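The values are calculated or read from the model by the stated rules, or taken from the named source; none is laboratory data. As the structure is a computational prediction, the values presented were derived from the model and not from experiment. Reconstructed Cβ throughout: ideal geometry from the backbone, glycine too, with neighbour counts over all protein chains shown. Remember, those area values only see protein heavy atoms, side chains included, never the ligands or the DNA or RNA. Shrake-Rupley method; radii C 1.70, N 1.55, O 1.52, S 1.80 Å.
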Amino acid sequence: MIKSYASLDDAGVAVAAARAGADVVHSMYGRRLTRIDKGAGDFATAADVEAEKAILAVIRAARPDDAVLGEEGGHQGAVEATRQWLVDPLCGTLNYAVGNMVVAVNVALRDGAAAVADPFSGEVFFTDGEAARARHGGADVPLVPTSATRLVDVNLDPPFPSAPGFRGVDLLAHPGFVERFRPRVVSTTLALAWVAAGKRAAYVTDGSDLSGSVHFAAGIALCRAAGCVVTGVDGAPIGQGNRGLVVAADAETHGLLMSMIRGRS
């Protein structure tokens, strides 16, 4: 198994690692899990910890010289390593803890390959940094974003660093928004993979610069490779110290959302 991991390209490593984490998340679902308090209402469970261990085992076997930044374990590996993997072993912990299956496992090589696994559908969305695909049942299909669903996910989780200029709840009350789109509220970055796959028209969240976040890096890489429009809530390219995220299937949808967001500012 270790030899097979070592022979994989970076996208293959991302997929294998995300699948390993997803297997753990799936297998532990439904158990009574102790909550590990992180403060400010945030917590982890044993599933988060064990899934991260499974992901790290794959990365260490495949790329022993790479560093890892994990949601639960923090930085591991050589400080001088030129490559770093960003790992969120269970995005949607609160959903998971109360029996909601809307969660994601995120693995991304900084500025490179990435994978987002859905532990319950069995789908893995991945990119080599150029193309974006979904793997399910042994078959790979290209990801094709589309705004046809008109469904837009808005993350309403705190904090709200852009308030009062921007708050997601205000967007939901915007007359133009409800005329053109159908809002959905989700608390997992699986929603980013859904935009890349054409299952959602867009995704909006507040926050700080999310380009290097273990929660968002894989989804951002996936959406960029699929051809989505990806900016901050100010409309500027992410990674320039801006806030939040607006990811849309196409330029028209992005433009409409930005006009509504700016109209609330």
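Among the GluC sites (Glu not before Pro) in the stretch 69-154, which ones are in a DSSP loop with at most 11 other Cβ atoms within 10 Å of the Cβ? Mind listing them?
Glu80, Glu130
For the chain, the longest stretch holding no trypsin sites (Lys or Arg not before Pro) located in a DSSP loop with at most 14 other Cβ atoms within 10 Å is which? After excluding every exposed loop site, the longest remaining stretch is 33-149.
Rg and Dmax of the stretch 12-143, both derived from C-alpha coordinates alone, stand at 14.5, 42 Å. If you wrap a convex hull around the Cα atoms of the chain, how much volume per residue is inside, in Å³? Measuring per residue, one finds 122 Å³ for the Cα hull of the chain.
In this structure the stretch 1-96 gives 50 Å² per residue of accessible area when probed at 1.4 Å with all protein chains present.
Taking the square roots of five times each eigenvalue of the Cα gyration tensor of the stretch 189-265, the equivalent ellipsoid has semi-axes of 17, 16, 10 Å, listed largest first. This model, with +1 at the C-beta of Lys and Arg and -1 at the C-beta of Asp and Glu, gives the stretch 38-126 a dipole about its Cα centre of some 120 debye. Only helices enter this figure: runs of n ≥ 4 DSSP H residues, each worth -39500 (n - 2.57), summed and divided by the residues of the chain, yield -9500 deg cm²/dmol at 222 nm to the nearest 500. Taking the square roots of five times each eigenvalue of the Cα gyration tensor of the stretch 95-208, the equivalent ellipsoid has semi-axes of 26, 16, 15 Å, listed largest first. Distance from the Cα centroid of the stretch 4-71 to that of the stretch 85-137 is 10 Å (rounded to whole angstrom).
Principal-axis analysis of the Cα atoms of the chain puts helix 46-62 at an angle of about 60° to the longest axis.
For the chain, the longest principal axis of the C-alpha atoms and the axis of helix 217-226 are separated by about 70°. Quote the FRET efficiency, to the nearest 0.05, computed for Val79 versus Met101 with a Förster distance R0 of 41 Å and r equal to the Cβ-Cβ distance. Efficiency for this residue pair is about 0.65. A quarter of the convex hull surface defined by the alpha-carbon atoms of the stretch 176-233 gives 4.2 nm² as the mean projection.
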